[in-house]
Ligand SMILES: NC(=O)c1ccc[n+]([C@@H]2O[C@H](COP(=O)([O-])OP(=O)(O)OC[C@H]3O[C@@H](n4cnc5c(N)ncnc54)[C@H](OP(=O)(O)O)[C@@H]3O)[C@@H](O)[C@H]2O)c1
């Protein structure tokens with residue numbers, strides 16, 4: 001299967017070795033802003049002759065663009081799409097899914113939430129007839145690293161620098177610390193798993209920017225820590241969404257795991273509450289999620 005890759009950042013760099021070890025895949029080209037492979041993105045797609053576009057450009061939590069347009073351009077050229085970009089799923093999941101179905105194409109986005117740990121695909125593949133009634137999660141690694149750095153006596157900026165070094169911070173890290181990344185993930189989860197029609201702007205949102213080393217250290221002495229918690233639940237009329245910094249006992253499941261670790265819990269009708277914990281995932285796990293989606297697309301073709 002021929003693959004065109006859009007974006008040449010951390011995830012692409014970790015994906016390439018996975019693809020190189022699997023002779024079912026061939027990379028037709030990589031196109032990015034600073035290293036364009038053609039005059040325009042559309043020319044790049046046309047020249048690539050690819051079967052699938054891997055969309056790995058920067059997150060825009062406000063609009064999901066230009067990634068939404070990239071996905072539509074790929075569909076128009078009869079290409080499947082795999083993306084780790086949560087913006088399009090948070091802003092246009094239903095429209096893009098409909099377009100994919102009409103054209104008999106696949107749209108896969110496992111790595112957009114919880115890196116490569118199965119979230120969307122476990123519902124697709126393993127949980128027929130299970131309805132998600134609510135979701136609770138700690139889904140943003142950068143804010144967690146910042147809080148932990150402050151607990152250890154470092155500054156807010158030290159934590160951000162560490163997250164950037166690990167390659168897990170968004171290009172604009174204020175999206176992490178002001179809760180936009182979590183809000184985008186929460187909206188994406190609700191759109192896909194709860195059939196909501198929401199955008200990140202509809203998530204009641206608070207980040208971690210108000211927290212200081214003194215405050216988190218005082219809590220740490222009491223056996224407590226701060227986590228940016230995402231919540232989605234159904235009210236009588238609609239799906240409600242919230243992201244806020246919560247003070248949790250260190251024994252709370254949501255506070256478990258250090259570093260980049262993420263936790264998600266699904267509250268369901270037939271399966272009660274269950275979840276997934278990803279301990280210290282890195283960009284390699286995000287790349288694996290993209291690879292697993294590509295294998296899924298390949299086996300369906
Ligand atoms: N890193 C992670 O751990 C992680 C985890 C889950 C999901 N994701 C998602 O995966 C995606 C990629 O993440 P990343 O960490 O690889 O990002 P990154 O290191 O910031 O790289 C983004 C790449 O996208 C390119 N780009 C941005 N806008 C473009 C456009 N309009 N046309 C062509 N290229 C464009 C950039 O090109 P230039 O460098 O030339 O500007 C850059 O090469 C993001 O949506 C992110 O939210 C990342």
Per-residue counts of other Cβ atoms within 10 Å, averaged by peptide: what ranking do you get for 158-166, 209-217, highest first?
158-166, 209-217
Cα long-axis angle, helix 156-166 against the chain (0 to 90 degrees, to the nearest 10):
30 degrees
Please express the shape of the range 1-101 as an equivalent ellipsoid: the semi-axes are the square roots of 5 times the eigenvalues of the C-alpha gyration tensor, given largest first in whole angstrom.
20, 15, 14
Packing-based order for 235-245, 83-93, 281-291, 190-200, using average beta carbon neighbours within 10 Å, highest first:
83-93, 281-291, 190-200, 235-245
Work out the P(r) tail for the range 52-145: percent of alpha carbon pairs separated by more than 15 Å, whole number.
64 percent
Tell me, Kirkwood radius of the chain from alpha-carbon pair distances, in Å?
19.6 Å
Can you give the Rg and Dmax of the range 174-219 based on its C-alpha atoms, in angstrom?
13.5, 41
For the range 109-148, what class follows from the C-alpha gyration tensor (a ≥ b ≥ c being the square roots of its eigenvalues): rounded when a/c is under 1.5, otherwise prolate if a/b is larger than b/c, else oblate?
oblate
Rh by Kirkwood over Cα pairs, then Stokes-Einstein D for the range 12-67 at 1.002 mPa s and 20 °C, µm²/s:
168 µm²/s
Which angle from 0 to 90°, rounded to the nearest 10, does the C-alpha axis of helix 67-76 make with the longest principal axis of the chain?
30 degrees
Between helix 283-300 and the chain, what is the angle of the helix's C-alpha long axis to the longest principal axis, kept within 0 to 90° and rounded to the nearest 10?
40 degrees
How large is log10 of I(q)/I(0) for the range 186-283 at q = 0.10, 0.14 Å⁻¹ when the intensity is taken from the Debye formula with one equal scatterer per alpha-carbon?
-0.33, -0.64
Per-residue ellipticity at 222 nm attributable to helices in the chain (runs of n ≥ 4 DSSP H, -39500 (n - 2.57) apiece, nearest 500 deg cm²/dmol) works out to -12000 deg cm²/dmol
Inter-centroid distance (Cα atoms) of the range 1-23 relative to the range 151-198, Å
23 Å
With the alpha-carbon atoms as the only input, what is the per residue convex hull volume for the range 133-208 in Å³?
91 Å³
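Bear in mind that the values in this text are calculations on the coordinates, not laboratory data. The shown structure was predicted, so the numbers you read here are calculated from the model rather than taken from an experiment. With ideal geometry, Cβ positions are generated from the backbone for all residues, glycine too; neighbour counts draw on all protein chains shown.
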